[in-house]
There are 2 protein chains.
Amino acid sequence: MSSSSDLQSSPEHVVAKRARISQWPAVPMTRAFEAIDRIADKFPPESKGYPTVALTNGRVIAEDIRAPENVPKARTSVKDGYAVIAADNLMIRRVAGVATAGQPWDGILQPGECIRISTGAVIPEGADAVVQVEDTTLAGYDGDVEVAINILIAPEVGKDIREKGSDIKENDVLLENGCELGPAEIGLLHMFGIQNIEIYRKPKVCVMSTGNELVESYHICPPQGFIRDSNRPQLLSLFRSQGFKPIDAGIASDNIDSIEAAIRQASEFASVIVTSGGVSMGEKDYLKEVLRNRLGFEISFGRVWMKPGLPCTVAHGKINNLPVVVFALPGNPVSSYVCANLFVTPFLRAMAGCNRPKQPVIKVKLAAEMRLGPRPEYCRAWLESRCGETFPIANVTGNQISSRLPSLVGAHVLLVIPQSSTEKTQLEKGELVDAIIISSLF
Amino acid sequence: MSSSSDLQSSPEHVVAKRARISQWPAVPMTRAFEAIDRIADKFPPESKGYPTVALTNGRVIAEDIRAPENVPKARTSVKDGYAVIAADNLMIRRVAGVATAGQPWDGILQPGECIRISTGAVIPEGADAVVQVEDTTLAGYDGDVEVAINILIAPEVGKDIREKGSDIKENDVLLENGCELGPAEIGLLHMFGIQNIEIYRKPKVCVMSTGNELVESYHICPPQGFIRDSNRPQLLSLFRSQGFKPIDAGIASDNIDSIEAAIRQASEFASVIVTSGGVSMGEKDYLKEVLRNRLGFEISFGRVWMKPGLPCTVAHGKINNLPVVVFALPGNPVSSYVCANLFVTPFLRAMAGCNRPKQPVIKVKLAAEMRLGPRPEYCRAWLESRCGETFPIANVTGNQISSRLPSLVGAHVLLVIPQSSTEKTQLEKGELVDAIIISSLF
């Protein structure tokens, strides 16, 4: 048996000689976010050009789109009724013709005349107001044909006319660079017949799990000590729900060579690699070593002062001269999911060109008191609207231990719970806290 | 020229003899919602059975899913450290073996011994606590092998041990009938190796536009009086964004036979048909007539006291003995979109089995004063978080005229603005109002 005094400079992967206290300072959340923002600057959004089928939900546009024409292109009627000359006032009018949407009336309206007109139809020359049909009565007809009408309410000039360009002026910015396409944006582009737009490329992201204890989830009865890998399907689903097409990079076993090989291989498919497991203080936790010593990456942070997610690690560097970022998330399923929401999806959305990459934050009211811990905590909660309550009520989803996956189920938000201080060790029932919306199902 | 006194009972489609005031009462919103709920009862969710690939985002499960086993299955370590016997207290311990996740240690721990253990590994028999590695020092080693350690902080019984079933107990309900699958739910199912789940069938929905003035949106330069159809791509995109696979039923021209034929044809593909246009007081507005007189449908309502969306019509009946519901939305692009969000998507989500079919509602603060109108109004607004403000600030998206599609762009919510009353004709800047969240991009 020898003394332990000569162990300081020994390789980390010799168990007896490993560091017993993490060499990685746990950085505060603000520092972690700043570090990720700095990495994001190295991964700017890339244009994908003008693909033929671009008008689908979730695409991000890479240019300002301007209106190629006025809407409406001509003066049109807002109502079903009669196009009139306002100065004629309340007299009985001769119905001189019909203008429907798609079939304009070509003449010039004369005093004493009106044109039967429907919503969206072009206002005939000479007319300066529309009287809605409800404000008229029939004054004479010939068979099925209206010949004259009474106007019951005196028309004002311009009444119920949409002026040319009043909805949208030619050359107005319709959609801004970085805007994500949804139904309204897609409708607007179709209105102008705009089919070709420049869009951003979606970043490629690979998801892998690490751990000798993991088996694929289709295993019916894993042997004692083994568990099914749920992190990978969960993270794949998360990125899919955000509009990405993540690549499944499988399970890497806990040894330095395997992990290095898996990351190198993943980098051939994606510049963003998301791993889970292998980042803590365990003897098989090789991620940081691979990233720093094998790949020569810069580790932006190796721990974060947060709960869950303390061992969360982010590193970046180059493989085959291409920039690669690795989000090495903790292995606990809740930790990896919380860290993926806080760190990875905003990064991917920024890389995809979105001008609002971060999740929205709202204030919510705690349904019950909460003890504060030494670390800031991101508690999963579901929101409830209660009658007479101004704020959504936040109900924490049961026991928040980081292994307990049901704490994510039905969670709409991550509550941002501050760390305890000498002044404050508890939040009271009814206190307001920030909540990061993480579920589009909410 | 004949008098108009004999017109009362004439067919509606003779222009001169049409009703000049809508025969349809404008029902209040509460009545409209109730009517739709009653129709929904006729379209209950249908099980799709157990398809092989069910674990994808947006599926709705049609059964309660219970945990087939405990999690963890055995007592496991929460930390990287040493499994110990707590009663041994602070003495130096002999490291008798190693347990990692996936490789349990088979022996029985004896007093004075400990087992090096990593997070997730099974606690060996005899051990009753875990000491994290940070609270130990090396006391002796042999080559690379740890032989003895010092415990720096006295362990308590149960410390850092996840008891069997402490995260999830066998037979606990994991997911409830009607729950929509997202990343967390998918992760949980994978954790248990549950691949076959009963899910609900997504309802089929057909989208069509009506109007002689409409051309397909790929037209570069529609002739005077014609406009590109933007409603259909917009509604298709909306239903897609909600996880449905809507069917594009094209444009029907404004005549009774065409509309009847189009609806009959659509009913061969879908039990929910969404049209836009043809429901107002125009002479070419044949939808209600087709629905009632040609198809023999019951019209639940033919107008709604709301803005935009006054002419919104909902009818249901049977075609070829199969139940069909038609949401005949107004033709203005904003009106059709607002009505689709308020009436159609909750209906589709209920039919899809979702246990929370309606959009969530939150309180927001008005950025500016608003004049109240005679009808309740659903204003499009985007939300902004301002520092020091407890509520999201709601900014109305410009001119709210129902033809102005840009008022939808970037809109996160529909503000629920009440109608004016003798007591109140205006909402002040800073007042709180309800906001229906309509954008998952928010």
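The values are calculated or read from the model by the stated rules, or taken from the named source; none is laboratory data. This one's a predicted model, so the numbers in the text were calculated from it and none came from an experiment. Ideal geometry is used to build each Cβ from the backbone, glycine not excepted, and the neighbour counts take in all protein chains shown.
Number of residues in the range A:113-138 that are modelled with pLDDT under 95 and among the small types (Gly, Ala, Ser) equals 3. Looking across the range B:78-87 at every residue that is touching a Ser or Thr at 6+ places or on another chain (Cβ under 8 Å) and either among the β-branched types (Val, Ile, Thr) or modelled with pLDDT of 95 or more (or both), the one that is surrounded by the most Cβ atoms within 10 Å (Cβ to Cβ) is identified as B:ALA83. Which of the numbered conditions does A:LEU90 fail, given that it passes all the others? Conditions: (1) crowded, with 18+ Cβ neighbours inside 10 Å; (2) under 14 Å from A:THR136 (Cα atoms). With (1) crowded, with 18+ Cβ neighbours inside 10 Å; (2) under 14 Å from A:THR136 (Cα atoms) applied to A:LEU90, the lone miss is (1).
Looking only at the range A:123-147, which residues are touching a Phe, Trp or Tyr at 6+ places or on another chain (Cβ under 8 Å) and at the interface with another protein chain (Cβ under 9 Å from one of its Cβ atoms)? Correct list: A:VAL133, A:THR136, A:VAL147. Would you confirm, using the coordinates I've provided, whether B:ILE401 is touching a His at 6+ places or on another chain (Cβ under 7 Å) and not basic (Lys, Arg)? No: the conditions fail for B:ILE401. Assessment of the range A:284-291 against the conditions (within 14 Å of chain B (Cβ to nearest Cβ), of a type in the set (Lys, Arg) and surrounded by fewer than 23 Cβ atoms within 10 Å (Cβ to Cβ)) yields no matching residue. Is it the case that some residue within the range B:207-214 is within 7 Å of chain A (Cβ to nearest Cβ) and either hydroxyl-bearing (Ser, Thr, Tyr) or touching a Lys or Arg at 6+ places or on another chain (Cβ under 6 Å) (or both)? Within the range B:207-214, not a single residue is within 7 Å of chain A (Cβ to nearest Cβ) and either hydroxyl-bearing (Ser, Thr, Tyr) or touching a Lys or Arg at 6+ places or on another chain (Cβ under 6 Å) (or both). For the range B:188-198, the candidate set comprises residues that are under 13 Å from B:ALA54 (Cα atoms) and out of contact with any Lys or Arg (no Cβ under 7 Å at 6 or more places or on another chain); within that set, the residue that is farthest from the other protein chains (Cβ to nearest Cβ) is B:GLU198.
Selection within the range A:158-171: residues that are small (Gly, Ala, Ser) and on the phi > 0 side of the Ramachandran plot. The member of this set that is farthest from the other protein chains (Cβ to nearest Cβ) is A:GLY158. Could you please let me know if A:GLY126 is farther than 30 Å from A:ASN321 by Cβ, surrounded by fewer than 22 Cβ atoms within 10 Å (Cβ to Cβ) and of a type in the set (Gly, Ala, Ser)? The answer is yes for A:GLY126.
Any idea how many residues of the range B:224-244 are in a loop (DSSP other than H, G, I, E, B) and either under 17 Å from A:ALA101 (Cα atoms) or among the basic types (Lys, Arg) (or both)? Qualifying residue count for the region: 5. Among the residues of the range A:82-96, the ones that are part of a strand (DSSP E or B) and at positive phi come to 0 in all.
Scanning the range B:216-241 for residues that are buried (at least 17 other Cβ atoms within 10 Å of the Cβ) and of a type in the set (A, V, I, L, M, F, W, C) turns up B:PHE226, B:ILE227, B:LEU235, B:LEU236, B:LEU238, B:PHE239. Restricting the range A:108-122 to residues that are part of a loop (DSSP other than H, G, I, E, B) and within 12 Å of chain B (Cβ to nearest Cβ), the residue that is farthest from the chain's Cα centre (by Cα) is A:SER118. Applying the set (1) within 11 Å of chain A (Cβ to nearest Cβ); (2) surrounded by fewer than 16 Cβ atoms within 10 Å (Cβ to Cβ); (3) free of Cβ contacts under 8 Å to residues at least 40 places away in the same chain; (4) part of a loop (DSSP other than H, G, I, E, B) to B:TRP105 leaves exactly one unmet item: (2).
How about the range B:19-56: which of its residues are in contact with a Pro (Cβ under 9 Å, 6 or more places away or on another chain) and at pLDDT below 95? B:SER22, B:TRP24, B:LEU55, listed by residue number.
So which residues in the range A:300-318 are in a strand (DSSP E or B) and touching a residue at least 60 places away in the same chain (Cβ under 8 Å)? If the condition is that a residue be in a strand (DSSP E or B) and touching a residue at least 60 places away in the same chain (Cβ under 8 Å), then A:SER300, A:PHE301, A:ARG303, A:VAL304, A:LYS307, A:THR313, A:VAL314, A:HIS316 are the ones that fit. Scanning the range B:216-251 for residues being out of contact with any Ser or Thr (no Cβ under 8 Å at 6 or more places or on another chain) and in contact (Cβ under 8 Å) with a residue 24 or more places away in the chain gives a total of 9.
A Cβ distance below 8 Å, combined with a sequence gap of six or more or placement on separate chains, defines the contacts here; from the range B:172-187, residues that are facing chain A (nearest Cβ under 7 Å) reach residues that are charged (D, E, K, R) and assigned to a helix (DSSP H, G or I) in the pairs B:LEU175/B:GLU185. Being buried (at least 23 other Cβ atoms within 10 Å of the Cβ), more than 13 Å from chain B (Cβ to nearest Cβ) and either hydroxyl-bearing (Ser, Thr, Tyr) or out of contact with any Gly (no Cβ under 7 Å at 6 or more places or on another chain) (or both) is a description that applies to A:PRO155.
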